[in-house]
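Let me begin by handing over the structure; questions about it come next.
The values are calculated or read from the model by the stated rules, or taken from the named source; none is laboratory data. These figures come from a predicted structure and were not determined experimentally. Cβ sites come from the backbone with ideal geometry, for glycine too, and all protein chains shown count toward neighbours.
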Amino acid sequence: MSIEYPVSPLRQEIIVASKTIVVKVGSRCLTDANRHLDHGQIKNLVDQLYEIIQTGRRVILVSSGAVAAGMDRLMLTSRPKDLGRLQAVAAVGQSALIEAYNRYLAPYNIPAAQALLTNDDMKNRTRYLNMRNTLNAALDFQTLPIINENDTISVDELKTTFGDNDNLAALVANLVQAELLILLSDIDGLYNGDPSDPNSHVIQTVTGIEDNVQGMVHDHLNSVSKGGMSSKIRAAQQVNSAGGCLIIAKGREPDVLRKIFAGEEIGTVFLPHGEAHTSRQNWLGFASEPLGSVYVDSGAVKALQTQGRSLLPKGIKRVYGHFEKGDVISICNANGEEFARGLSNYSSDDIQRIRGLHSDEIEDALGRAPYEEVVHRDNIALR
């Protein structure tokens, strides 16, 4: 039975302002109790996505379900634990999943544009920008880009996985500068307590992700889905930092997307707060992989966090790892806690020689002084 939710002016404003939307759908929303693909659910999702596209909005779908689809086609009753077998199941499932989407998109004359990504595609700045160009071109062709992690080659041992599609969806949303990311899952939203407690209720609006919000996380993972509320909170942090909104809602709620786009208060909306990061800063902060790190003193922490300053050699106490000029590095406080990332103007060897020095002493130490800053403020992303 469909539930009617009150219409919120705030939600309506969010929808009106959202011209590019990323929708992520979890495995549990696409499979039945026996872990088979639920074609009725897929068709219903496609019908609602088509209605959004008809409004002139740009829509990208991040879809889980490849492993579940592969298990279905191979008639498996349990998820394989062996890495090679699991990846083979994903390879089978990818074709089954995209076939299902194309089947239900065909009456609308909208082709699916499949993109399988690894974390390396996001970490590498050139490949990151290439993917942005590809997705924008696919949208220009009036296709529905459907994105999933490339499970057939992504492995934890090589540290190339996104970990879950919530994180992937957030990276994609920031990649295309989407105003809205919708996470459709098997949960109604963020609860103020344990969802199994009848006294708990869904929080409609979150205006800032503080420690008290993190404390509300109650994850119950299963053999089908990999994400949980904690991953959704991290996704919200990424999207909010770029000035976008995120909505968590239950994917099996009848007409869930129609209700969201009607401005109904369904699920939980996370609102941006503070100054929005640039696209480059978001890539630095969330998609890139640091190749080394520097530990800085309290004065440098304050200068970067509250004054928007560059990182000067004077504030650097220690250097770890081997990196070259132009590489991404972690910037950590004295306790080793990362609070920023940035593009280094100097190699790790050079920083070892100039750390603790004033900028006007760089030339004496290195025989050259191309930069006064180790990391310029325009190339720093706070975390």
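Is it the case that the range 20-43 has a residue that's among the hydrophobic types (A, V, I, L, M, F, W, C) and modelled with pLDDT under 90?
Of the residues in the range 20-43, the ones among the hydrophobic types (A, V, I, L, M, F, W, C) are 21-23, 25, 29-30, 33, 37, 42.
Now narrow it down to the ones that are modelled with pLDDT under 90: 33, 37.
Yes, the range 20-43 contains at least one residue that is among the hydrophobic types (A, V, I, L, M, F, W, C) and modelled with pLDDT under 90.
To continue, here is another question. Among the residues in the range 78-88, are any touching a residue at least 24 places away in the same chain (Cβ under 8 Å) and over 26 Å from the mean Cα position of the chain (by Cα)?
yes
Within the range 108-123, track down each residue that is free of Cβ contacts under 8 Å to residues at least 24 places away in the same chain and in contact with a helix residue (DSSP H, G or I) (Cβ under 9 Å, 6 or more places away or on another chain).
Let us first name the residues in the range 108-123 that are free of Cβ contacts under 8 Å to residues at least 24 places away in the same chain, namely 109, 121.
Result: Asp121, single match.
Taking the options Arg341, Arg383, Arg377, name whichever one is surrounded by 15 or more Cβ atoms within 10 Å (Cβ to Cβ), under 30 Å from the mean Cα position of the chain (by Cα) and among the charged types (D, E, K, R).
After applying the criteria, what remains is Arg341.
Have a look at Ala69, Ala33, Ala17 and point out the one that is under 24 Å from Ala235 (Cβ atoms), assigned by TED's automatic domain parsing to the domain that holds Gly243, of a type in the set (Gly, Ala, Ser) and without any contact (Cβ under 8 Å) to a residue 40 or more places away in the chain. Before the answer, list the steps.
Working: Ala33 fails: under 24 Å from Ala235 (Cβ atoms); Ala17 fails: without any contact (Cβ under 8 Å) to a residue 40 or more places away in the chain.
None of the other options fit; the residue is Ala69.
Does Leu139 count as over 24 Å from Ile266 (Cα atoms), of a type in the set (A, V, I, L, M), more than 15 Å from the chain's Cα centre (by Cα) and at pLDDT below 80? Don't jump to the end; show me each part of the working.
Working: over 24 Å from Ile266 (Cα atoms): yes; of a type in the set (A, V, I, L, M): yes; more than 15 Å from the chain's Cα centre (by Cα): yes; at pLDDT below 80: no.
Considered against the rule, which asks whether it is over 24 Å from Ile266 (Cα atoms), of a type in the set (A, V, I, L, M), more than 15 Å from the chain's Cα centre (by Cα) and at pLDDT below 80, Leu139 comes out as no.
Can you spot a residue in the range 20-28 that is of a type in the set (A, V, I, L, M, F, W, C) and surrounded by fewer than 14 Cβ atoms within 10 Å (Cβ to Cβ)? Quick ask: steps written out before the conclusion?
Applying the first criterion (of a type in the set (A, V, I, L, M, F, W, C)) to the range 20-28 yields 21-23, 25.
Going one step further and asking which of them are surrounded by fewer than 14 Cβ atoms within 10 Å (Cβ to Cβ), we end up with none.
There is no residue in the range 20-28 that is of a type in the set (A, V, I, L, M, F, W, C) and surrounded by fewer than 14 Cβ atoms within 10 Å (Cβ to Cβ).
Looking at the range 32-52, can you tell me whether even one residue there is of a type outside the set (S, T, N, Q), buried (at least 21 other Cβ atoms within 10 Å of the Cβ) and within 19 Å of Phe141 (Cβ to Cβ)?
yes
May I ask you to list the residues in the range 53-87 that are of a type in the set (S, T, N, Q) and either in a helix (DSSP H, G or I) or surrounded by fewer than 21 Cβ atoms within 10 Å (Cβ to Cβ) (or both)? Give the steps one after another, and end with the answer.
Residues of the range 53-87 of a type in the set (S, T, N, Q): 54-55, 63-64, 77-78, 87.
Hits for the range 53-87 are Gln54, Thr55, Thr77, Ser78, Gln87.
Checking the condition polar (S, T, N, Q), out of contact with any Leu (no Cβ under 8 Å at 6 or more places or on another chain) and touching a residue at least 60 places away in the same chain (Cβ under 8 Å), which residue from Ser2, Ser64 passes? Give the derivation first.
On the way: Ser64 fails: out of contact with any Leu (no Cβ under 8 Å at 6 or more places or on another chain).
Answer to the selection: Ser2.
Does the range 304-317 contain any residue that is under 30 Å from Leu183 (Cα atoms), assigned to a helix (DSSP H, G or I) and hydrophobic (A, V, I, L, M, F, W, C)?
Among the residues of the range 304-317, not one is under 30 Å from Leu183 (Cα atoms), assigned to a helix (DSSP H, G or I) and hydrophobic (A, V, I, L, M, F, W, C), which makes the answer no.
In this structure, is Ser196 out of contact with any strand residue (DSSP E or B) (no Cβ under 9 Å at 6 or more places or on another chain) and either among the hydroxyl-bearing types (Ser, Thr, Tyr) or at pLDDT 90 or above (or both)?
On the way: out of contact with any strand residue (DSSP E or B) (no Cβ under 9 Å at 6 or more places or on another chain): yes; either among the hydroxyl-bearing types (Ser, Thr, Tyr) or at pLDDT 90 or above (or both): yes.
Judged against the criteria, Ser196 is a match.
Something else: Determine whether Ala90 is part of a helix (DSSP H, G or I), buried (at least 21 other Cβ atoms within 10 Å of the Cβ) and in the same structural domain as Asn148 (by TED's automatic domain parsing).
Values: part of a helix (DSSP H, G or I): yes; buried (at least 21 other Cβ atoms within 10 Å of the Cβ): yes; in the same structural domain as Asn148 (by TED's automatic domain parsing): yes.
Spelling it out, Ala90 is indeed part of a helix (DSSP H, G or I), buried (at least 21 other Cβ atoms within 10 Å of the Cβ) and in the same structural domain as Asn148 (by TED's automatic domain parsing).
Report yes if some residue within the range 229-241 is without any contact (Cβ under 8 Å) to a residue 40 or more places away in the chain, of a type in the set (D, E, K, R) and in a helix (DSSP H, G or I); otherwise report no.
No, the range 229-241 contains no residue that is without any contact (Cβ under 8 Å) to a residue 40 or more places away in the chain, of a type in the set (D, E, K, R) and in a helix (DSSP H, G or I).
Condition first: surrounded by 19 or more Cβ atoms within 10 Å (Cβ to Cβ) and at positive phi. Now tell me which residues in the range 176-198 satisfy that.
Gly189, the sole residue that qualifies.
Test each condition in (1) among the polar types (S, T, N, Q); (2) closer than 29 Å to Gln238 by Cα; (3) touching a Lys or Arg at 6+ places or on another chain (Cβ under 8 Å); (4) surrounded by fewer than 17 Cβ atoms within 10 Å (Cβ to Cβ) for Ser347 and report the one that comes out false.
Only one criterion is unmet by Ser347, namely (4).
Now a separate question. Let me spell it out: the conditions are (1) under 30 Å from Met131 (Cβ atoms); (2) surrounded by 20 or more Cβ atoms within 10 Å (Cβ to Cβ); (3) more than 23 Å from the chain's Cα centre (by Cα), and Gly308 meets all of them except one. Which number is the exception?
Single failed check for Gly308: (2).
Within the range 252-310, how many residues turn out to be among the hydroxyl-bearing types (Ser, Thr, Tyr) and free of Cβ contacts under 8 Å to residues at least 60 places away in the same chain? Spell out how you get there, then give the answer.
Our first condition is that a residue be among the hydroxyl-bearing types (Ser, Thr, Tyr); within the range 252-310, this holds for 268, 278-279, 288, 293, 295, 298, 306, 310.
Within this subset, residues satisfying the condition of being free of Cβ contacts under 8 Å to residues at least 60 places away in the same chain are 278, 293, 295, 298, 306.
Residues that pass the stated criteria total 5.
Would you check which residues across the range 279-305 are buried (at least 18 other Cβ atoms within 10 Å of the Cβ) and over 30 Å from Arg132 (Cβ atoms) and list them? Spell out how you get there, then give the answer.
First pass over the range 279-305, keeping only residues buried (at least 18 other Cβ atoms within 10 Å of the Cβ): 281-288, 290, 292-296, 300-301, 303-304.
Tyr295, Val296, Ala300, Val301, Ala303 - these are the residues of the range 279-305 that are buried (at least 18 other Cβ atoms within 10 Å of the Cβ) and over 30 Å from Arg132 (Cβ atoms).
Let me ask another. Being at pLDDT below 80, more than 20 Å from Val46 (Cα to Cα) and among the basic types (Lys, Arg), is that true of even one residue in the range 158-169? Break it down into steps so the answer makes sense when it comes.
Within the range 158-169, the first condition is being at pLDDT below 80, and the residues that meet it are 158-164.
Now drop any that are not more than 20 Å from Val46 (Cα to Cα), which leaves 158-164.
Now narrow it down to the ones that are among the basic types (Lys, Arg): 159.
Yes: one or more hits.
List the number of the failed condition for Ile42; all other conditions in (1) in contact (Cβ under 8 Å) with a residue 12 or more places away in the chain; (2) outside any strand (DSSP E or B); (3) closer than 25 Å to Asn240 by Cβ hold.
(3)
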